[in-house]
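The values are calculated or read from the model by the stated rules, or taken from the named source; none is laboratory data. Note that the structure is predicted; figures quoted are calculated from it, not measured. We place every Cβ from the backbone using ideal geometry, glycine too, and count neighbours over all the protein chains shown.
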């Protein structure tokens, strides 16, 4: 398409030629030609305007297209992030559900174990406590031992034999036998202090449980002396509660927190 300026030059040239040969045209014919030239100039001006408008619209549409393409890329990126988020949410949900199922299974196991101790609880020979997620079977020292001694009484042997029958029915669980005393200093030539007495009592219980069939690989003995009381030592009742033997059902591996990340940091 010829540029407008070029076309005007051509038209002016034609006009000059026409003027030089005007003698061959009437006045009306000459005016008609001039009018036609004017109309053509207007048409060219309108066409130039339309071209400019079309070019502007093309530029506008190109910009809009580029913007939409950018939005589409952003949407794809957001979709990918949402999919990753959904995968993480699903993983967390599955993990929470797994932990919930494990917790329900542990509670059911503890309830079943508690029922095994029911008869001994009701007879007053022991009580069961739950501390820090652990099940603790507690027996008063006067049920098991004479005062100031680590030698099991006949009642103590009978009680521990019945207890052992329950412990052997609990699979995949270790037992810590813990001895505790009150804070009254011991008056004995055999023991220097309550710590030694509590430890010796725990060992006596462990050895007897082994004798009556409890796997020794599941047993451990520890003495705390007077340093983990469950009651005040300023009353007879409180001191009696503090003189006790505890059988702690130790947590299984699947009940412990995963510390592998911390282990990696220490290497």
Condition test on residue 129, is it without any contact (Cβ under 8 Å) to a residue 12 or more places away in the chain, loosely packed, with under 14 Cβ neighbours inside 10 Å and within 22 Å of residue 231 (Cβ to Cβ)? yes
Scan region 227-242 for residues that are part of a loop (DSSP other than H, G, I, E, B) and over 16 Å from residue 129 (Cβ atoms) and jot them down. 227, 232, 233, 234, 235
Suppose we filter region 176-208 for residues that are farther than 11 Å from residue 225 by Cβ, part of a helix (DSSP H, G or I) and free of Cβ contacts under 8 Å to residues at least 40 places away in the same chain; how many remain? 2
Picking from 84, 104, the residue that is modelled with pLDDT under 90, in a helix (DSSP H, G or I) and either touching a strand residue (DSSP E or B) at 6+ places or on another chain (Cβ under 7 Å) or farther than 30 Å from residue 247 by Cβ (or both) would be 84
Can you tell me which of 151, 138 is free of Cβ contacts under 8 Å to residues at least 60 places away in the same chain and assigned by TED's automatic domain parsing to the domain that holds residue 213? 151
In this structure, does residue 37 turn out to be over 30 Å from residue 128 (Cβ atoms), modelled with pLDDT of 90 or more and not assigned by TED's automatic domain parsing to the domain that holds residue 134? no
Can you tell me which residues in region 160-175 are part of a helix (DSSP H, G or I) and more than 17 Å from residue 138 (Cβ to Cβ)? 161, 165
